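*Asks:* Structure below; questions to follow.
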Amino acid sequence: MKDRRLRRADLILIAILLAAGVLMSLGAVLLSRDGGTVVVRVDGEVVASYPLSEDREAEIAGVNGGVNRLVIRDGSARIEEASCPDRLCVGMGVIRRAGQSIICLPNRVVIEIAGSGAPETDAVSE
Amino acid sequence: MRRFLCAALAVLLLFLSAGCSGPSAKDAPAVRELFAMDTYMTLTCYGENAEEALDAAEAEIRRLDALLSTGSPDSEVSRLNRDGGGELSEDTLALVKAALAAYEDTGGAFDITVLPLMELWGFPSGALHVPSDEELAQALAVTGSGRLSLGGNILSLEPGTEIDLGGIAKGYASARLMDLFRSFGVEHAIVSLGGNVQCLGAKPDGSLWRCGIRDPEAEKADELAGILTVRDTAVITSGPYERKLTDPDTGQAYHHILDPSTGRPADTGLASVTIVSADGALADALSTACFVMGPEKAEAFWRERPETFDMILILADGSMLVTEGIAGAFSSSRSFTVIRE
């Protein structure tokens, strides 16, 4: 005769699967919040991309020998130092949300946060 | 009980796997990024011929840049300034005509002859020079579009007068791109030429484009004063934050929007002016002109021609004025006053 009751092993398996499911859901939620990618482009070409969640520093070689130092820390990105004369990119501060960008015109460097979330706007008039 | 748990697990797995699927690539836009006209541009286009349209758009921008750049000695504008005038090509003629019309309309608040003043202040080079009254008077003596005469396609400049179409060229270029996109069968596109935004149609899903308006007081360009929903129009903003030079000794900052009547940076209590008009070149010229005019004159100017354009004025104290034509399309976390006819 078939035993239709749950065995102890079934219960453990279900508990493990449920726990795994909850953990995965939690991970997915957390990752989607901090899951942005810092995309670096020079003169329109993607030269590097880094996860926003990992702290790092990187030297970016811009056009005409220009250099910008990118710092990613605590889920935000900024240009800490740059060889360009106006250093507007350094003054642009930190970016952390999808769609935000820092642009260095002289070195033709664009740092942009790409993410899965839809950006707030299609363009910004400034 | 067991069946119920199995079903619950299945639902959970389904939920998890659904979270992993990415957006469909079918309706993805074609995007082009380029550096031209001394600024950073992004062009976004939807549709079958989007890539071809973007190739043509990039070529068109590079062509106009080569024609109009005051920084390049080989450009048509540099030649006109060197020779005191000459024959105009089709685009330069259209731009000069639009610029002269804007000069007349705005009572001289928009003026393409401020180049000697800009050079005096050091804006093209980036090396600030705060001019003396005497130096200003000398530069003002050769300023004024009244010193230009256009006969057919021949432009004459009086001695010492120089033109710079930079205050209208990006708006003209964005309008040209819309025509170009249409000729490629593109129905949905949005471009930003250094923050000068123009869009074609609405978004592919039929909803309106969401155009952020930069908060002029914020240090960071991505802070917004509000969002305007638009279709088939240009949204062009002028503000002192775009280009500023600081005196290292006094710490005083000087911005690039010069009042053609005084030769000094316009100081009218405005922090930025956004013009909304289907005519990109007009929007570009009026954003500068209304900034120079100041809030009261700009309001009066709009009341004389409310069907031509709409505007958002952001004052130095942070208050905002929005003309009634776009008031319903503008949203902001701050309150704003609606300007009515």
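*Asks:* Distance in nm between label sites at A:Glu45 and A:Ala9, each 7 Å beyond Cα in the beta-carbon direction?
*Replies:* Result for the modelled spin labels: 5.9 nm.
*Asks:* I would also like to ask the following. Between B:Ala101 and B:Ala56, take the C-beta separation as r, use R0 = 25 Å, and let me know the FRET efficiency to the nearest 0.05.
*Replies:* 0.35
*Asks:* Continuing with this model, one more query. Once R0 is set to 25 Å, what does the formula 1/(1 + (r/R0)^6) return for the Cβ-Cβ distance between B:Arg182 and A:Glu120, expressed as a FRET efficiency to the nearest 0.05?
*Replies:* Taking R0 as 25 Å, the efficiency between B:Arg182 and A:Glu120 is 0.35.
*Asks:* Provide the gained length on full extension for the span B:Asp38 to B:Glu299, in nm with one decimal, where the gain is 0.36 nm per separating residue minus the Cα-Cα distance.
*Replies:* Here the answer is 90.9 nm.
*Asks:* Using only Cα atoms, find the angle between the long axis of helix B:280-293 and the longest principal axis of chain B, and express it within 0 to 90 degrees, rounded to the nearest 10.
*Replies:* 60 degrees
*Asks:* Using Cβ-Cβ distances only, list the Cys residues of chain A with no partner cysteine under 4.7 Å, sorted by number.
*Replies:* A:Cys84, each lacking another Cys Cβ under 4.7 Å.
*Asks:* With springs only between Cα atoms under 10 Å apart, run a GNM on chain A and tell me which of A:Ser25, A:Ser101, A:Ser49 wobbles the most.
*Replies:* Most flexible of the set in this elastic network: A:Ser25.
*Asks:* How far, in degrees from 0 to 90, does helix B:90-105 lean away from the longest principal axis of the Cα atoms of chain B, to the nearest 10?
*Replies:* Taking the Cα atoms of chain B, the angle to B:90-105 is about 80 degrees.
*Asks:* Give me the 1.4 Å probe accessible area per residue for chain B, excluding ligands and nucleic acids, in Å².
*Replies:* 45 Å²
*Asks:* Projected area of the protein assembly as shown, taken from the Cα convex hull and averaged over every viewing direction, in nm²?
*Replies:* Averaged projected area of the protein assembly as shown's Cα convex hull equals 28.4 nm².
*Asks:* So, one more: Just need the relative contact order of segment B:173-276 here, percent rounded to a whole number, with Cα pairs under 8 Å and 6+ apart.
*Replies:* 20 percent
*Asks:* From Cα pairs below 8 angstrom and at least 6 apart in sequence, can you work out the relative contact order of chain B, rounded to a whole percent?
*Replies:* The normalised contact order for chain B reaches 15 percent.
*Asks:* Cα convex hull of chain B: mean projected area in nm², to one decimal?
*Replies:* Quarter of the Cα hull surface area: 22.6 nm².
*Asks:* Using +1 on the beta carbon of Lys and Arg, -1 on that of Asp and Glu, and nothing else charged, what's the dipole of the protein assembly as shown about the Cα centre, debye to 20?
*Replies:* Result for the protein assembly as shown is approximately 3040 debye, rounded to the nearest 20.
*Asks:* Roughly how many percent of the accessible protein surface of the protein assembly as shown is carbon and sulfur, given a 1.4 Å probe and a whole-percent answer?
*Replies:* The nonpolar share, carbon plus sulfur, comes to 53 percent.
*Asks:* Tell me, what is the 1.4 Å probe accessible area of B:Ser261, in Å² to the nearest 10?
*Replies:* Using a 1.4 Å probe on the heavy atoms, I get roughly 90 Å².
*Asks:* Per residue, what volume in Å³ does the Cα convex hull of segment B:146-301 take up?
*Replies:* 154 Å³
*Asks:* Given a 1.4 Å probe and the protein chains all in place, what does the accessible area of B:Phe123 round to, in Å² to the nearest 10?
*Replies:* Using a 1.4 Å probe on the heavy atoms, I get roughly 10 Å².
*Asks:* What whole-number distance in Å separates the alpha-carbon centres of segment B:229-250 and segment B:98-130?
*Replies:* Each part reduced to its Cα centre gives a spacing of 15 Å.
*Asks:* What average count of beta carbons from other chains do you get within 10 Å of the Cβ of residues in B:28-34?
*Replies:* 2
*Asks:* Something else now. For the pair A and B, how large is the buried accessible area, both sides, in square angstrom to the nearest 100, if the probe is 1.4 Å?
*Replies:* 2800 Å²
*Asks:* Then there's this: Pulled fully out, how much extra length does the chain show between B:Asp27 and B:Asp205, if you take 0.36 nm times their separation in residues and subtract their Cα-Cα distance?
*Replies:* 63.1 nm
*Asks:* Counting other Cβ atoms within 10 Å, keep those with at most 14, restrict to DSSP loop, and tell me which GluC sites (Glu not before Pro) in segment B:157-258 are left.
*Replies:* Here the sparse-neighbourhood loop sites are B:Glu187, B:Glu219.
*Asks:* So what's the back-of-envelope 222 nm ellipticity for chain B, counting only DSSP H runs of four-plus at -39500 (n - 2.57) apiece and dividing by all residues, rounded to 500?
*Replies:* -11000 deg cm²/dmol
*Asks:* For chain B, set up a Gaussian network in which alpha carbons nearer than 10 Å are linked by springs, and say which option among B:Leu224, B:Leu115, B:Leu177 fluctuates the most.
*Replies:* Largest GNM mean-square fluctuation: B:Leu224.
*Asks:* Enumerate the whole-percent occupancy of each 5 Å bin, from 0 to the last occupied one, for all C-alpha pair distances of segment A:36-114.
*Replies:* The calculated distribution, bin by bin, is 3, 19, 32, 28, 14, 4, 0.
*Asks:* GNM, chain B, Cα, under 10 Å: largest mean-square fluctuation among B:Asp205, B:Asp74, B:Asp38?
*Replies:* With Cα springs under 10 Å in chain B, the top fluctuation among B:Asp205, B:Asp74, B:Asp38 is at B:Asp205.
*Asks:* Can you figure out the FRET efficiency of B:Glu90 with A:Ser25, using R₀ = 35 Å and their beta-carbon distance, to the nearest 0.05?
*Replies:* 0.05
*Asks:* Next up: For the Cα atoms of chain A, what angle does the longest principal axis make with the long axis of helix A:8-34, in degrees from 0 to 90, nearest 10?
*Replies:* It works out to around 20 degrees.
The values are calculated or read from the model by the stated rules, or taken from the named source; none is laboratory data. This structure is a prediction, so every number in the text was calculated from the model and none was measured. Cβ coordinates were reconstructed from backbone atoms using ideal geometry, including for glycine residues, and neighbour counts include every protein chain displayed. Surface areas here come from the heavy atoms of the whole protein model, side chains and all, with no ligands, DNA or RNA. Shrake-Rupley method; radii C 1.70, N 1.55, O 1.52, S 1.80 Å.
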